[in-house]
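Below is one structure, written out as structure tokens, with a few remarks after it.
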Amino acid sequence: MKTLILLNIDDQHMAEAEEWINKAIEADTRYGMMWHLGRDYALYAELNKRKSDQSKAKENLTKAIEILKECGADGWVEKYEKELAAIS
């Protein structure tokens, strides 16, 4: 759901979207919600791509992959590894 919202956001609201993603990352970290944390890092990578920040997108997608591997979320890992390869 969050990804759909991000894909429909206009450029003037990017900073606000980034702020909310960072709040989600902080909360997920604080409460040990690792699967959500991985997905939020993937969402952050998508925002970075929208902002044309490929370096940050790779960094956040790599974090997402590492976290989701720990969760055993193989399908998501495979999806994001393909996305990472497309950025590189």
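Readers should treat all values here as calculations from the given coordinates under stated rules, not as data from a laboratory. None of the values given here were measured: they were computed from a predicted structure. Methodologically, a virtual Cβ is constructed for each residue, glycine included, from the backbone with ideal geometry; neighbour enumeration extends over all protein chains shown.
Working from Cα pairs under 8 Å separated by at least six residues, relative contact order for the chain is 23 percent.
Pair-distance distribution of region 15-88: all C-alpha pairs, bin width 10 Å, starting at 0; shares per bin in whole percent are 22, 53, 24, 1. Most tightly packed first, judged by the mean number of other beta-carbon atoms within 10 Å of their residues, the peptides 35-41, 20-26, 55-61 read 35-41, 55-61, 20-26.
Computed extension gain for E59 through E16, at 0.36 nm per residue and net of the alpha carbon distance, reaches 13.4 nm.
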